[in-house]
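Scroll down for the structure; my scribbles are underneath it.
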Amino acid sequence: MTKTIAAALVLTLGLGWQGSALAQSRVAEARANYEAVMNGGRQIGSLTPQELADVIELDRRIRAQNADTRTPSQRCVDEEMKREGGAASTLQRRAIDMKCREAGD
């Protein structure tokens with residue numbers, strides 16, 4: 001996890017003391033719980049409501065950082081090119097462009 005996510009999590013958790021031991025402890029606990037849930041070492045139901053909220057917020061921050069910023073048309077082109085095995089002929093590329101132009105509208 002990056003420092004940016006940790007800092008954002010601290011702010012989101014409502015802990016105004018960014019550098020405090022309490023805030024760092026809560027971020028570390030959220031990270032540990034997140035990893036334990038993702039690895040199957042801990043069940044969601046075993047988390048306290050606060051731990052669950054922290055894990056959900058951490059997951060949201062991680063997903064936001066890795067968000068897909070491609071346009072619908074570009075996603076379509078990428079998916080079609082993958083279907084073609086990454087190498088499409090000129091004719092196939094033009095067909096993909098026409099198909100994906102419609103998808104982006």
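The values are calculated or read from the model by the stated rules, or taken from the named source; none is laboratory data. Note that the structure is predicted; figures quoted are calculated from it, not measured. Counting neighbours? That spans all protein chains shown, and the Cβs are built from the backbone with ideal geometry, glycine included. Please note that ligands, DNA and RNA were not included when accessible areas were found on the heavy atoms of the full protein model with its side chains. Shrake-Rupley method; radii C 1.70, N 1.55, O 1.52, S 1.80 Å.
Among the candidates Ile62, Ile96, the residue that is in contact (Cβ under 8 Å) with a residue 60 or more places away in the chain and open to solvent by less than 50 Å² (accessible area, probe 1.4 Å) is uniquely Ile62. I'm checking my understanding of the structure. Among residues of segment 14-41 that are modelled with pLDDT under 50 and of a type in the set (A, V, I, L, M, F, W, C), which one is surrounded by the most Cβ atoms within 10 Å (Cβ to Cβ)? If we take residues in segment 14-41 being modelled with pLDDT under 50 and of a type in the set (A, V, I, L, M, F, W, C), then Leu15 is surrounded by the most Cβ atoms within 10 Å (Cβ to Cβ).
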